[in-house]
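Below: one structure, written as structure tokens.
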Amino acid sequence: MEMLIVLAVAAILVSIAVAQFGESGDNLNRQNIAREFKVTLERARFDSVKRRPSTCDDMSRVVITSPNSFQLITDLNQNGSLEPASETRVVNFGNSSDVQIVGNGITYPTTIRFDRRGNATSGTCAAPTDVVSETVFCNLPCNGASANSNNSNIVFVSRTGTAAMLAGGSTLPTFDDPEVTDVPAETQVNPLVAVWDADGTSPSPSPSIDPSPLPTIDPSPLPTIDPSPTIDPSPSPTPTPVECLRGQNPVTDGCICTSPMWVRKSGKCQ
């Protein structure tokens, strides 16, 4: 009887542990998918800002194709333009998890594109609309009404293209339109900037700018060169003294006494 009780308690504990482990795995899988979607949006935005596309069709974008898949279209070969036929990366998570995309107002396919400044829009190029800001990733069984912090995550995209990952059930941030100050056309904010009219046809006259006077440069004074020093003529060579003969006096005769002779006490060369 005691063994049966112990086995029953052990079975209950194992069941609870397995349930907790399975729920943690599902939550981690859902968070990874939502995080990958957020990173995909950031890559598309960075690619558009880097390439600065001039047309809607050339903007990098993310397309939500179904509740279980989305696409990333960027300039993979880095040739400066989009080629969707060969530059589309598909992420399909329907066969590997019970996660699906839910949300209010999402129809498939839904496009989130980014312009050259990183701003986000949805809809078609012919009729762009505000970006679909809320994409909810939820574990089944789930829908937009039952999504909460325990079973879902939200990836939020603002109109300026900033993506954020939030817990399910979170209140989405709201942003007011920026206040733009009207500057009269005759006000010169910067003298080097011309203010154009709204129709873009007639610019206000730019002020004339006097060129800065060039500084007067004094010529560098030429160095004074001292005259070459006067070279004295070579002095007359000193005559070579004559050797004294035996018995001559070097002092009185102007000669020198050379060996083997020498000057004696008498002053004579002997």
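Computed values, structure above
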| item | result |
| --- | --- |
| Chain lengthening between residue 129 and residue 245 when straightened (0.36 nm per residue, less Cα-Cα) | 28.4 nm |
| Calculated FRET value between residue 12 and residue 32, using beta carbons and R₀ = 22 Å, to 0.05 | 0.10 |
| Net charge of Cβ neighbours under 11 Å - reference residue 79; Lys, Arg +1; Asp, Glu -1 | -2 |
| Distance in nm between pseudo-label sites at residue 183 and residue 116 (7 Å out along the Cβ direction from Cα) | 2.1 |
| Most to least packed among 160-169, 132-141 [average Cβ atoms within 10 Å] | 132-141, 160-169 |
| Semi-axes of the equivalent ellipsoid for the stretch 2-167, Cα gyration tensor, largest first, Å | 40, 15, 12 |
| Amide N proximity, the stretch 114-132 versus residue 89 label position 7 Å along Cα-to-Cβ, cut-off under 18 Å | 114 |
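None of the figures in this text is laboratory data; all of them are computed from the coordinates on show. These numbers come from a predicted model, not from an experiment. No Cβ is skipped: glycine too gets one built from the backbone with ideal geometry, and neighbour counts run over all protein chains shown.
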